[in-house]
Amino acid sequence: METDYARFLPLAPATLHILLSLAGEDRHGYGIMQEVARQSEGKYKLGPGTLYDNLQRLMDQGLVDEAKRRPAGEDPRRRYYRLTPVGRGVLASEISRLEEVVHEAKLRLRLPDTRSAT
Amino acid sequence: MNRTLYRCLLRLHPGGFRRQFGEEMLWIFDEASVTQGSGALLVDAARSLARQWVLRSGSWKVAVALAGALIQVTIGGLGHLLFGPLAERGPLRSANAAARIDLDALIQIGIWTVSGIVLSVVLLAVWVKKFNARRIRAVHL
């Protein structure tokens, strides 16, 4: 059965950044915060309260799950989170949507569109 | 000191959230307070506390119901005091006059309380509409 990703879209900035930070690898909460800051070159910083509020909602929606595997010798307070297949699909749909938005914006603002070159 | 304050703020969060994420948030405080400064983390925890109780736990409905009841009682009482028989009456002259004034007072209180209910329902409807619009905007931005 095909999942309807459209009902999750558009994503809030915090949600988008969290899903994006988990796309490459499983991370713990602090790792997600650091990755979000890195992705945005320090312009967007998540606090722990905002992060876990979003994580709770994403876990309820089945987009993010707690990873069972964790590196040996880790602090037991660290829990790792991973993107579920549904979460990955939602992220891909959001990126496609944003590409369309950027394409449309460039057309209207008469900026060069780099999409066809890539 | 700041760590104790942060721990207190975490303890004030709703039980489910605290049990699920409290220890991790404290761990992040230990890690991040050196680089980010504990002030920003304390502000974030205070915001989180408000968000969890007001938006996520549903206890805002109790607060709204209490505010609505307060509006009704206030309007009923003020209306009765300002425009009811008490505002007009002089010294009591007879038992019959007193009984008539008591009945008038009861009717006045009833009218003003109903007005309070109508006003609080209108205010609540307007507030809920604006609140929902804000939430929808926040989710879709």
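The values are calculated or read from the model by the stated rules, or taken from the named source; none is laboratory data. These figures come from a predicted structure and were not determined experimentally. Positions of Cβ are backbone-derived with ideal geometry, glycine not excepted, and every protein chain shown enters the neighbour counts.
If you go through the range B:1-35 and pick out every residue that is among the β-branched types (Val, Ile, Thr) and within 26 Å of the chain's Cα centre (by Cα), you end up with 0. Within the range A:78-97, the set of residues being within 14 Å of chain B (Cβ to nearest Cβ) and farther than 22 Å from B:GLN20 by Cα comprises A:VAL90, A:GLU94, A:ARG97. In the set (1) within 10 Å of chain B (Cβ to nearest Cβ); (2) crowded, with 16+ Cβ neighbours inside 10 Å, A:ASP75 fails one condition alone, (2).
In the list A:LEU20, A:LEU55, A:LEU11, which residue meets the criterion of being farther than 25 Å from B:PRO14 by Cα and within 11 Å of another protein chain (Cβ to nearest Cβ)?
On the way: A:LEU20 fails: within 11 Å of another protein chain (Cβ to nearest Cβ); A:LEU55 fails: farther than 25 Å from B:PRO14 by Cα.
Sole residue among the options that is farther than 25 Å from B:PRO14 by Cα and within 11 Å of another protein chain (Cβ to nearest Cβ): A:LEU11.
Could you tell me which residue of the range A:79-100 is surrounded by the fewest Cβ atoms within 10 Å (Cβ to Cβ), considering only residues that are free of Cβ contacts under 8 Å to residues at least 60 places away in the same chain and in contact with a Pro (Cβ under 9 Å, 6 or more places away or on another chain)? Only one residue tops the list, namely A:LEU98. Checked against the criterion of being more than 15 Å from A:ILE18 (Cα to Cα) and in a helix (DSSP H, G or I), the candidates A:GLU99, A:GLU94, A:GLU74 yield just one match: A:GLU99. Among the residues in the range B:8-21, are any buried (at least 17 other Cβ atoms within 10 Å of the Cβ), within 12 Å of another protein chain (Cβ to nearest Cβ), free of Cβ contacts under 8 Å to residues at least 24 places away in the same chain and over 17 Å from A:LEU55 (Cα atoms)? No, because not a single residue in the range B:8-21 is buried (at least 17 other Cβ atoms within 10 Å of the Cβ), within 12 Å of another protein chain (Cβ to nearest Cβ), free of Cβ contacts under 8 Å to residues at least 24 places away in the same chain and over 17 Å from A:LEU55 (Cα atoms).
When the range A:26-52 is filtered for residues that are charged (D, E, K, R) and either within 12 Å of A:VAL64 (Cα to Cα) or at the interface with chain B (Cβ under 10 Å from one of its Cβ atoms) (or both), the ones remaining, listed by number, are A:ASP26, A:ARG27, A:LYS45.
Would you point out the residue of the range A:58-72, among those that are surrounded by 15 or more Cβ atoms within 10 Å (Cβ to Cβ) and either of a type outside the set (S, T, N, Q) or within 11 Å of A:ASP26 (Cβ to Cβ) (or both), that is modelled with the lowest pLDDT?
Step one: list which residues in the range A:58-72 are surrounded by 15 or more Cβ atoms within 10 Å (Cβ to Cβ), which gives A:58-59, A:61, A:63-65, A:67, A:70.
In the following step, the residues that additionally are either of a type outside the set (S, T, N, Q) or within 11 Å of A:ASP26 (Cβ to Cβ) (or both) were identified as A:58-59, A:63-65, A:67, A:70.
Numbers: A:LEU58: 95, A:MET59: 94, A:LEU63: 95, A:VAL64: 95, A:ASP65: 94, A:ALA67: 90, A:ARG70: 70.
Among those that are surrounded by 15 or more Cβ atoms within 10 Å (Cβ to Cβ) and either of a type outside the set (S, T, N, Q) or within 11 Å of A:ASP26 (Cβ to Cβ) (or both), it is A:ARG70.
In the set (1) within 11 Å of chain B (Cβ to nearest Cβ); (2) over 13 Å from the mean Cα position of the chain (by Cα), A:GLU100 fails one condition alone, (1). Any residue at all in the range A:44-61 that's more than 15 Å from the chain's Cα centre (by Cα), part of a helix (DSSP H, G or I) and not small (Gly, Ala, Ser)? Within the range A:44-61, one or more residues are more than 15 Å from the chain's Cα centre (by Cα), part of a helix (DSSP H, G or I) and not small (Gly, Ala, Ser).
Residues in the range B:67-93 that are surrounded by 16 or more Cβ atoms within 10 Å (Cβ to Cβ), part of a helix (DSSP H, G or I) and modelled with pLDDT under 70: B:HIS80, B:PRO85.
Got at least one residue in the range B:36-48 being within 9 Å of chain A (Cβ to nearest Cβ), under 26 Å from the mean Cα position of the chain (by Cα), surrounded by fewer than 19 Cβ atoms within 10 Å (Cβ to Cβ) and free of Cβ contacts under 8 Å to residues at least 24 places away in the same chain?
Initial filter on the range B:36-48 (within 9 Å of chain A (Cβ to nearest Cβ)): B:36, B:40-41, B:43-48.
Pick out the ones that are also under 26 Å from the mean Cα position of the chain (by Cα) and you get B:43-48.
Then drop every residue that is not surrounded by fewer than 19 Cβ atoms within 10 Å (Cβ to Cβ), which leaves B:43, B:46-47.
Restricting the remaining residues to those that are free of Cβ contacts under 8 Å to residues at least 24 places away in the same chain gives B:43, B:47.
Yes, some residue in the range B:36-48 is within 9 Å of chain A (Cβ to nearest Cβ), under 26 Å from the mean Cα position of the chain (by Cα), surrounded by fewer than 19 Cβ atoms within 10 Å (Cβ to Cβ) and free of Cβ contacts under 8 Å to residues at least 24 places away in the same chain.
Under the condition of being assigned to a helix (DSSP H, G or I) and touching a residue at least 12 places away in the same chain (Cβ under 8 Å), which residue from the range B:56-66 is farthest from the other protein chains (Cβ to nearest Cβ)? Can you show your working first?
Start the filter on the range B:56-66 by keeping residues that are assigned to a helix (DSSP H, G or I), which leaves B:56, B:60-66.
Then drop every residue that is not touching a residue at least 12 places away in the same chain (Cβ under 8 Å), which leaves B:56, B:64.
Numbers: B:ARG56: 7, B:VAL64: 21 Å.
This residue is B:VAL64.
For the range A:40-78, enumerate the residues that are without any contact (Cβ under 8 Å) to a residue 24 or more places away in the chain and not charged (D, E, K, R). If the condition is that a residue be without any contact (Cβ under 8 Å) to a residue 24 or more places away in the chain and not charged (D, E, K, R), then A:SER40, A:GLY42, A:GLY47, A:PRO48, A:GLY49, A:TYR52, A:GLN56, A:MET59, A:PRO71, A:ALA72, A:GLY73, A:PRO76 are the ones that fit.
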